[in-house]
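One structure is given below, encoded as structure tokens.
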Amino acid sequence: HSNQNNNRMAGIKKLANTNKIAVYPNPATNVLHIGFASHQNKTTVKVFSVVGSELFSQTYNQVGTELLLDISKYESGAYLVQVTSDNISEIKRIVKQ
């Protein structure tokens, strides 16, 4: 039975390590922060409406550990932000106030 505890913890650690992109604050008003666990090189950020229309797409070189995205022009509501960087790709749901 001692192996069962170790196996469960290994799964939790693997899951925690896959979440390397943070998007905050949520909800946001004018600026969205995209944070990375480590320095990133080429990074692509896309913003989609909840129905799937692409509203924004830009690729950045040498981002570092944080990127600021101006969302002041968007209407209040929910959006999807896709961040792809160094073989990591995540989609986060955000709310614009």
Handout entry: Residue check for Asn3: surrounded by fewer than 10 Cβ atoms within 10 Å (Cβ to Cβ), at pLDDT below 95 and more than 14 Å from Lys92 (Cα to Cα)
Key = yes
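At least 2 residues that are among the hydrophobic types (A, V, I, L, M, F, W, C), in contact (Cβ under 8 Å) with a residue 60 or more places away in the chain and surrounded by fewer than 17 Cβ atoms within 10 Å (Cβ to Cβ) in each: list the strands (runs of 3 or more DSSP E) lying fully within segment 34-97 that qualify. I'd like the intermediate steps shown before the answer.
Working: elements: 43-49, 54-60, 64-70, 77-85, 88-96.
Per the criteria, 88-96.
The values are calculated or read from the model by the stated rules, or taken from the named source; none is laboratory data. In this text, all values refer to a predicted model and were calculated from it rather than measured experimentally. When we count neighbours, we look across all protein chains shown, and the Cβ atoms used for this are built from the backbone with ideal geometry, even at glycine.
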